Structure formats: C-alpha cells, structure tokens
1. Might you let me know whether the stretch 215-235 holds any residue that is under 22 Å from Leu22 (Cβ atoms), free of Cβ contacts under 8 Å to residues at least 24 places away in the same chain and of a type outside the set (Phe, Trp, Tyr)?
2. List pairs: first in the stretch 176-194 and without any contact (Cβ under 8 Å) to a residue 24 or more places away in the chain, second part of a helix (DSSP H, G or I) and within 16 Å of the ligand (Cβ to nearest atom), Cβ under 9 Å, 6+ apart or cross-chain?
3. Given the structure, is Gly75 exposed (fewer than 12 other Cβ atoms within 10 Å of the Cβ) and either within 15 Å of Ile235 (Cβ to Cβ) or without any contact (Cβ under 8 Å) to a residue 60 or more places away in the chain (or both)?
4. Filter the stretch 8-25 for residues that are away from the ligand (no atom under 16 Å from the Cβ) and crowded, with 20+ Cβ neighbours inside 10 Å; which is farthest from Cys253 (Cα to Cα)?
5. Evaluate the following for Ala205: is it surrounded by fewer than 21 Cβ atoms within 10 Å (Cβ to Cβ) and either in contact (Cβ under 8 Å) with a residue 40 or more places away in the chain or over 20 Å from Glu132 (Cα atoms) (or both)?
6. Output yes when any residue across the stretch 125-135 is within 16 Å of the ligand (Cβ to nearest atom), farther than 17 Å from Ala165 by Cβ and in contact (Cβ under 8 Å) with a residue 60 or more places away in the chain, and no when none is.
7. Take residues that are closer than 27 Å to Gly214 by Cα, among the charged types (D, E, K, R) and under 13 Å from the mean Cα position of the chain (by Cα) and tell me which of the helices (runs of 4 or more DSSP H) falling wholly in the stretch 1-99 contain 2 or more.
Amino acid sequence: MRKRLIAGNWKMHGSQNQVHQLIAGIKNGVAQSSAFSEIDILVCPPFIYLPAVQKELADTTILWGAQNLYVGQQGAFTGEIAGSMLADVGCRYVLVGHSERRTIFGESLSIVAEKFKAAIAAGLIPILCVGESEAERERGDTEKVIHTQLQSVFDAAGINAFHQAVIAYEPVWAIGTGMTATPALAEEVHAYIRQLIAKNNVDIAKAIRILYGGSMKADNAASLLSMPNIDGGLIGGASLDANSFLTICAAACKEQSTINEMKVNQR
Ligand code: PGA
C-alpha cells in the first residue's frame, strides 16, 4: 500500500527568519494530531537553509530534502553540490528534473537522467519530475512527452532504480499559474505513467508513489488526492504558508485512512 507523500518545494524563497517561522508553524500543526504520522511530509528548502531545517526537524517525523544536485562526486564544478554531499549531511530526498531546471537552466533529458543516476548512487531518493508544456498539450503530445522523459531515465538508470524513487507529474502550464489540472485529467496522466512503469516492472508500478504538482492548494487538494493513482503532491506556492500546507497534508491523511480502512475491510 502506497504511503501518501506531501512534499513542499520552497524554490528560491525564504530568509533565516521566514524558514524558522514556517518550520515552527508546520511542526506545531503536525504535533496537534497523530493522523499526520499516517503520511510522509517532506520540505525542500534552498540548499543554504538545509542544516537549519535539519536541526529544527530533528525531534520530528517531518522529512527534508534538496531541490537539486549535480552529477559526480566531487571536482572542479564551481557552485555545484554533489549527491554524496547531500547524503553526507543526512539528506534523503532530492528533486530531479523540475521543469524550472529543464527550461530556465537548460537541463536536457540526458542531464536529468544523469542526475537521477547520481541521486540513486548516493543513496538518495530522487523525486523525478515530468510534465508537458501548454503547447505540447494543445498539440496532443502529452503522452509522447511523458514517455520520452521517463524512457530516457529508464534507459540510463534501469527500471530497478525506481524501487527507490518517487515520480511527480507536474504539467508545466499548471505550475505557479493557479491553473490546476482537473482531477480527471491528472488521473489520466498518472494512470498512464503507472502503465509505462508496469510495462517494465509490475511490482514497481504498484509500489511507486506518483505525486501531482501544479497549483495544488488547500481548496483543491482533497479532490486531486482522492484519485486512485495520485499518491500525494509536490507543492510550490502553497507550501510557503504553514496553514495551507497543513490543510493539504490533512487532506492526504484523510485519503490515507480511507484507504487503510478499505484494506482492513478486505481482509
Ligand atoms: P506550484 O508549484 O504549486 O506553485 O504550482 C509546484 C512545483 O513547481 O513544484
């Protein structure tokens, strides 16, 4: 059974003070109910705040991760951070191939695949982001784009690497725009992604968590998270406000307990 995962992608936001306030708000909310232990809650702050966040979360079950990594262990790569360095400081999760990395920083399919491999090699859990642009959707190329993005990583890293990975479907046209995919539309793509994985390995397809990202907010999270192939969310804007983020986490908890109850009844 797949444990729901709600991940906050803080992008390049925050200051020491804001990070402290936000973490305090999330910690406080999570401490109010044991239901939050039913799901995984993850925050991905900018690199520079990772040690502070790690320290503040030390006595909690809230997970933390990075937004990016570089391929390779070490070397003359000014300004970059290796997966092994993240692992060295206790980091477990890392975003790979976010559309902002692909478009603004020119990360190609092969760079994304190499980063995914580097994350696995460092023992990290990559959250591999895939998704089509508005023009690609309008052309009817959504499945083709998703297939290409995933296949390049299957080819480079091998399907078994996905035992240790999470996928996030993030339609580029929905990121930061307030234009959320409808639950039905998102579910269609999530089911397609699971089917692509099943063609390579049925067990991984059943177990892998596929998150939705793109303007998921407190008021639309419940309907998205109720879809059978949506196992959580990758939240940008709404993760910067503790109450919004907690409301999304609570929606995931509700969904998780419904699923747990269904499992018990089936026994
Ligand atoms: P958004 O961002 O929730 O602000 O749309 C999601 C993401 O980019 O991961």
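1. yes
2. Sorted first by the residue in the stretch 176-194, then by its partner, the pairs are Thr182/Ser223; Thr182/Leu224.
3. yes
4. The selected residue is Val19.
5. On the way: surrounded by fewer than 21 Cβ atoms within 10 Å (Cβ to Cβ): yes; either in contact (Cβ under 8 Å) with a residue 40 or more places away in the chain or over 20 Å from Glu132 (Cα atoms) (or both): yes.
Here the answer is yes, as Ala205 does meet what is asked.
6. Checking the stretch 125-135: not a single residue is within 16 Å of the ligand (Cβ to nearest atom), farther than 17 Å from Ala165 by Cβ and in contact (Cβ under 8 Å) with a residue 60 or more places away in the chain.
7. none
Bear in mind these aren't lab numbers, they're just calculated from the coordinates by the rules spelled out. Given the structure is predicted, the values throughout are model-derived calculations rather than measurements. Positions of Cβ are backbone-derived with ideal geometry, glycine not excepted, and every protein chain shown enters the neighbour counts.
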